[in-house]
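Just below is one structure, and these are the notes that go with it.
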Amino acid sequence: MSLKNDTLNYRLGYSSFMNVKGILKDILSTILIVLIIVGIGIAITGTWPFMVAVQSGSMEPNLHKGDVVFLISSDRVRIITWAEGKEIGYKSFGDYGDVIVYYPNGDRTKTPIIHRAIAYIRAGDRIPILHNGSLLPSKFIAKSDGYITQGDHNSIPDQLAPNWRIEPVKKEWIIGVAKFRIPYVGWIRILI
């Protein structure tokens with residue numbers, strides 16, 4: 001009887017070991033698959049992150065809160081501003097010019113902003129405002145060169161928003177240029 005119990009205990013122990021081994025194998029293979037997907041994504045887009053979830057309604061009606069947007073590095077594509085897009089008839093996400101994702105003032109500890117590049121200006125130029133399909137000069141002067149950005153739902157550019165203190169966007173602050181979206185999938189990211 002004792003031999004039978006020892007054999008049964010051995011088999012149960014061996015089975016438990018095999019379950020742990022199988023779980024570890026599943027975890028490692030999942031991690032490997034994720035790393036391969038991330039590596040391929042970075043290789044194709046040239047940026048990290050190469051997809052972001054829209055977290056506010058500032059780009060409505062063209063991008064919605066919860067949309068996942070895929071990006072391409074600004075080193076791989078030319079950023080076309082709203083002003084240039086209007087001249088050549090280029091639209092992205094329902095309006096002229098490209099939508100970019102950038103770190104405000106280059107600060108990587110801040111949440112990136114996804115807004116339309118409306119113009120590129122030089123230090124000393126007046127900061128424009130996109131209003132009713134026209135760029136209007138403001139009374140504010142840019143302290144540096146860079147892109148002026150504005151949410152499609154916003155009435156003023158980021159660079160004139162009270163309490164934001166965002167400078168014109170330098171190329172090195174840009175994570176990527178938005179190229180396409182998957183509606184509402186980003187709610188998972190927002191809710192976590």
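Each reported figure results from applying straightforward, stated rules to the coordinates on display, with no laboratory input. No experiment lies behind these values; they were computed from the predicted model shown. Heads up, the Cβs are rebuilt from the backbone with ideal geometry, glycines too, and the neighbour counts pull from every protein chain shown.
Quick one: helix 2-45 against the long Cα principal axis of the chain, what's the angle to the nearest 10°, folded into 0 to 90?
Its long axis makes an angle of about 20 degrees.
Distance in nm between label sites at Ile182 and Thr109, each 7 Å beyond Cα in the beta-carbon direction?
Here the modelled spin labels are 3.3 nm apart.
Would region 79-192 count as rounded, prolate or oblate if I go by the C-alpha gyration tensor, calling it rounded below 1.5 in a/c and otherwise prolate when a/b exceeds b/c, oblate otherwise? Let's see the in-between values first.
Working: a/c = 1.77, a/b = 1.25, b/c = 1.42.
Here region 79-192 falls in the oblate category.
Consider the candidate values [x] 17.4; [y] 15.8; [z] 19.2; state which one is Kirkwood radius over Cα pairs in Å computed from the structure displayed.
Computed from the coordinates, Kirkwood radius over Cα pairs in Å corresponds to [z].
What residue among Ser155, Tyr120, Gly22 has its Cα farthest toward the positive end of the dipole of the chain, where the charges are +1 on Lys, Arg and -1 on Asp, Glu, each on the Cβ?
Farthest along the dipole direction, towards plus: Gly22.
Among the lysines, select those whose C-alpha is under 18 Å from the C-alpha of Lys110, and discard any that sit fewer than 8 residues away in the same chain.
Within reach: Lys170, Lys171.
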